[in-house]
1. Given the C-alpha centroids of segment B:62-112 and segment A:102-141, what is the distance between them in whole angstrom?
2. Which value, to two decimals, describes the C-alpha radius of gyration of segment A:244-299 once divided by 2.2 N^0.38 Å?
3. Treat segment A:159-216 as a sphere of radius equal to its Kirkwood radius over Cα pairs and apply Stokes-Einstein at 37 °C in a medium of 0.692 mPa s; give the translational diffusion coefficient in µm²/s, rounded to a whole number.
4. Once you sort the root eigenvalues of the Cα gyration tensor of segment B:59-255 as a ≥ b ≥ c, which label holds: rounded (a/c under 1.5), prolate (a/b larger than b/c) or oblate (the other case)?
5. Once you keep just the Cα pairs under 8 angstrom separated by 6 or more residues, what percentage relative contact order results for segment A:1-109?
6. Excluding residues on the same chain fewer than 8 positions from B:K237, give the lysines whose Cα lies under 25 Å from its Cα.
7. Give the average, rounded to an integer, of partner chain Cβ atoms located within 10 angstrom of each Cβ in B:106-113.
8. Mind giving me the FRET efficiency for B:R200 and A:A28? R0 is 41 Å, r the Cβ-Cβ distance, nearest 0.05 is fine.
Amino acid sequence: MASITFSELKDTSSRYWFLAGLIGLFAALGLGSAYYMEHHGHIVTGMNNSIVWGMPHVFAVFLIVAASGALNAASIASVFGKMVYKPLAPLSGLLAIALLAGGLTVLMLDLGRPDRLIVAMTYLNLKSVFAWNVVLYTGFFTFVAVYLWTMMDKTMGAYTKAAGMAAFIWRLVLTTGTGSIFGFLVARDPYSTSLLAPMFIIMSFAYGMALYLLVLMAIYTGSGRPLGDAILQRLGRLLGVFVAAVLYFVFVYHLTNLYFTKQHAIEKFILMDGGIYTTMFWVGQIFIGGVLPLVILLNAKLRASRTLLVAACLMVVAGGLAQMYVTIIGGQAFPLNIFPGWQQSSSFFDGAIHHYAPSLPETLLGLGGLAIALLIVTFGVKVLRFLPASLADADVDPHTKA
Amino acid sequence: MNQPQNTENQAAQTVDEHRRNFIGTSAALAGLTIAPGVMVYGIAHSKPEQEAVTNKVRWGMLIDSSKCADGCTDCVSACFTENGVSLPSTPPKETDSQWIRKVELKDMRTGREQSLPVMCQHCEEPPCVDVCPTGASFKRADGIVLVDRHICIGCRYCMMACPYKARSFVHEELTDQSPDVPRGKGCVESCTMCVHRVDRGEKPACVEACTKAGHEAILFGDLNDPNSEIAKRIASKATVQLRADLALNPGVRYEGF
């Protein structure tokens with residue numbers, strides 16, 4: 001393999017600054033929305049006492065899960081020793097940090113008291129999965145930052161494998177923690193299952209890989225650097241395997257619930273008569289986020305088209321957001337069953353399907369998180385050497401035939 | 001003969017008046033003497049401010065749904081007035097804080113109807129306390145589950161975890177708060193079992209209101225004291241814990257449904 005040269009993005013064209021400005025605008029809109037929500041209270045959002053987590057959480061959890069998955073390329077290079085992936089590793093690390101930062105920003109700014117961030121970091125209830133996550137997020141930033149250091153500083157090269165292994169183990173623990181935020185909720189039928197932890201891990205593989213591919217293609221196409229088909233074919237096929245695995249986990253999750261009589265009501269709600277949630281599930285999560293990309297990604301001819309590959313990645317991302325919407329909001333829309341066997345009603349909406357209509361500010365806050373992540377990447381690749389000058393097939397792996 | 005008899009009668013009447021006045025004054029004096037004592041007795045049996053609560057007592061409630069009158073919401077009104085919570089809007093909004101609500105129940109098989117109040121169940125193993133990242137949700141030694149408004153960050157994880165939908169999030173700025181009950185925008189809140197009253201040796205507002213309305217459907221007391229009425233009732237009658245399958249051992253029990 002030819003030696004790979006990494007270099008900063010020297011692009012100072014108006015197109016770069018326009019893109020950076022556009023992303024910056026969304027980031028600013030997100031921050032402005034957070035200020036508006038903080039000032040007026042959550043009354044200006046669609047969230048309420050029944051749907052307590054809404055659109056910001058859909059974006060935040062998606063970004064945090066995708067952050068773990070964005071590290072795929074780096075993990076495959078360092079942990080599984082696939083040399084072809086080595087040039088892809090630094091961007092993988094940068095994207096992982098950026099997505100986590102974006103997700104956490106949204107999560108933090110949606111708090112009822114965002115001004116108490118210091119309290120969240122200094123008062124830790126060690127039995128809380130949320131508190132574990134505070135440690136997991138901090139650890140993830142640290143491990144990936146050290147990993148990047150070992151990759152980008154030649155004198156530290158000897159430690160890359162060890163740092164890569166640590167980051168790999170940590171990302172699995174991190175996503176286990178994210179899945180367990182829901183998995184440990186004993187009171188709610190759609191959530192209380194340990195299956196959510198591994199399911200979130202496999203979802204992270206898919207969402208993170210899709211975002212990675214999109215960012216990689218955007219940067220290389222935009223900057224005019226060579227990007228070979230072989231590497232895209234590999235990553236695309238791998239994404240297909242991940243998407244198939246996600247569908248398998250979703251199938252097992254619902255099959256188990258359908259077997260348990262006590263879960264029939266919630267399953268009927270999500271799969272059959274839940275309105276927007278049923279549509280989001282079948283059309284968004286399963287068809288757009290699963291079946292369609294699978295058809296493209298597992299077919300070598302279709303996958304060879306960059307347009308179709310981009311479309312598949314975009315569909316995986318859209319399906320991922322739909323999945324989060326169904327899981328987080330659909331799961332809360334179905335009422336708690338405090339009195340099994342009794343029809344329930346009250347002024348507090350017991351027994352009723354809960355209503356949620358996302359407002360503009362909370363949606364902008366969620367999008368702002370994505371924008372912050374992209375802004376970090378846009379800035380990062382410009383100032384540091386994250387990107388190989390060429391990812392042409394011959395430069396990456398002369399033996400590979402696309 | 002008649003004249004001496006009249007004189008005797010007059011003398012007897014005067015003596016009676018003196019006796020009556022004496023007894024009256026004594027009674028008044030006795031009252032004045034005992035009254036502070038009774039007050040001191042009351043204070044002595046409430047918890048002094050500086051004294052920490054202990055797990056010797058576990059405060060609880062027993063709600064008899066057969067005595068809970070259909071359509072009566074006195075417990076709800078009393079709670080909201082006591083704690084400075086605005087009554088739910090008409091029609092109710094899902095952003096309204098509700099510390100206690102009347103739930104109407106209809107048996108899906110028989111059609112039998114019931115009505116009962118639901119509030120924080122003050123679990124022995126509260127899921128809200130488990131999940132709270134900062135420890136703002138906490139359980140006092142005497143079993144009362146509370147939110148520390150100083151360290152609640154408003155993440156709402158406790159609301160996701162509570163099986164009873166007992167908690168509310170303050171969605172907007174508040175005015176006219178009760179000095180006894182701190183509340184605030186961006187924090188989570190729920191029934192405190194009127195902890196400020198309990199610490200003064202009084203009963204929670206909902207209990208008092210229900211008694212005042214003549215229903216006596218809510219019994220308040222120390223579950224740990226075998227001689228308390230609530231402990232005796234629970235020991236002798238079939239009572240129900242909501243979502244008993246979760247093994248949270250709530251401090252609020254129900255009977256009659």
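1. Between the Cα centres of segment B:62-112 and segment A:102-141 lies a distance of 35 Å.
2. Here the Cα radius of gyration is 1.23 times the empirical estimate.
3. My calculation gives 260 µm²/s for D.
4. Taking the square roots of the gyration eigenvalues as a ≥ b ≥ c, segment B:59-255 is rounded.
5. Reported relative contact order: 25 percent.
6. B:K56, B:K67, B:K102, B:K106, B:K203, B:K212
7. So the per-residue partner count for this stretch is 3.
8. Result of the calculation: an efficiency of 0.20.
Only the coordinates and a few stated rules stand behind these numbers; no lab work does. Quick caveat: nothing in here was measured; it's all calculated off a predicted structure. For neighbour counting, all protein chains shown are included, and Cβ atoms are generated from backbone atoms with ideal geometry for every residue, glycine included.
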